[in-house]
Amino acid sequence: SSKDYELLGKQVAAGRYVTRSTCILALILAFLVGVAVGRYLLPDVSGMMPGAQGQKRPLGEKSSAAAMGAPDKNLFASILQHEEEVRQNPKNAEAWEHLGNLYFDAKEPGKAVNAYTKALELNPNNTSVLVDRGVMYRELRQFDLALDSFKKALTLDPKHEFALFNSGIVLYHDLNRKEEALEAWRALVKINPAAKAPSGELVSDMLKSQ
C-alpha cells in the first residue's frame, strides 16, 4: 500500500548498487581509523557495499532529486510496476532482482531479502544479488545469514571484492570475530592493493591502524 512507502523521502540518497552506499562505506571505513561514525551514530544506514556486477548507474552519480534530499516520486511507481511484473511473470529472475533493488533503495530490507531470494532461486550464481541480500540481512540483524550470503558469493567468485569487504564488516562489527575480519580485508588488499574507500583512502592504510 502507499502507507508502506510514505517515508520514501528518507531513502538511501545515492541510488542502487555501488552508488547507493558510497557515503555509507566511507563512514564505516572512517570508523576503522578511529572516527565514531557510520552505523554507531546512524542506525538506519546499512554500512555495507552492495553488489559489484551489473550496476545501473556509474559510481558517484546521483539524480538531482536525490542530491537535494527530495523524495523520489518515481520509486513508489517503480515498485508497483515491478510487483505487478513478478506477479505476471514469477520466473523472471531479472524482474525479481530489480524489485529487490527498489526495496533496497526504499529501506525495506525484509521485502528486499524476499525478492533477492526469489531471484536466486531462478539464478543462484548471481553474485551481485548474493551480496545485496547479505547487506539486507545485516539490516535485519540476521548476521549469520548475511555472512552466509557473502560466503556463497565468494564460493562463486573468490576475488569478489565487495563480498570480501562486507564479510569483514559483519565479522568485525557484528560477530566480534575481528581476526577473521582482518583476514578478509587482507585478502581484499592482496587481490587489489589499490583498493580504496570512496574517501580515497587505501584499505591497506586502514589495516595498518588495526
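The values are calculated or read from the model by the stated rules, or taken from the named source; none is laboratory data. Owing to the predicted nature of the structure, the values given are computational and were not obtained by experimental measurement. Ideal geometry is used to build each Cβ from the backbone, glycine not excepted, and the neighbour counts take in all protein chains shown. Just the protein is used for accessible areas: all its heavy atoms, side chains included, with ligands, DNA and RNA removed. Shrake-Rupley method; radii C 1.70, N 1.55, O 1.52, S 1.80 Å.
When you check Asp148 against the structure, is it without any contact (Cβ under 8 Å) to a residue 24 or more places away in the chain, open to solvent by 40 Å² or more (accessible area, probe 1.4 Å) and not basic (Lys, Arg), yes or no? Spelling it out, Asp148 is indeed without any contact (Cβ under 8 Å) to a residue 24 or more places away in the chain, open to solvent by 40 Å² or more (accessible area, probe 1.4 Å) and not basic (Lys, Arg).
Assessment of the range 109-118 against the conditions (of a type in the set (A, V, I, L, M) and either in contact (Cβ under 8 Å) with a residue 60 or more places away in the chain or not in a helix (DSSP H, G or I) (or both)) yields no matching residue. Taken over the range 175-184, the residue count meeting the criterion of being in contact with a helix residue (DSSP H, G or I) (Cβ under 9 Å, 6 or more places away or on another chain) and open to solvent by 40 Å² or more (accessible area, probe 1.4 Å) is 6. Checking the structure you have, find out if any residue of the range 152-161 is within 12 Å of the chain's Cα centre (by Cα) and either open to solvent by 10 Å² or more (accessible area, probe 1.4 Å) or over 21 Å from Lys196 (Cα atoms) (or both). No, every residue in the range 152-161 fails to be within 12 Å of the chain's Cα centre (by Cα) and either open to solvent by 10 Å² or more (accessible area, probe 1.4 Å) or over 21 Å from Lys196 (Cα atoms) (or both).
To keep it simple, each residue is scored yes or no on (1) modelled with pLDDT of 95 or more; (2) of a type in the set (Lys, Arg); (3) closer than 29 Å to Gly200 by Cβ.
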position	(1), (2), (3)
Pro58	no, no, yes
Ala66	no, no, yes
His98	yes, no, no
Ala106	no, no, no
Ser128	yes, no, yes
Asp144	yes, no, no
Asp148	yes, no, no
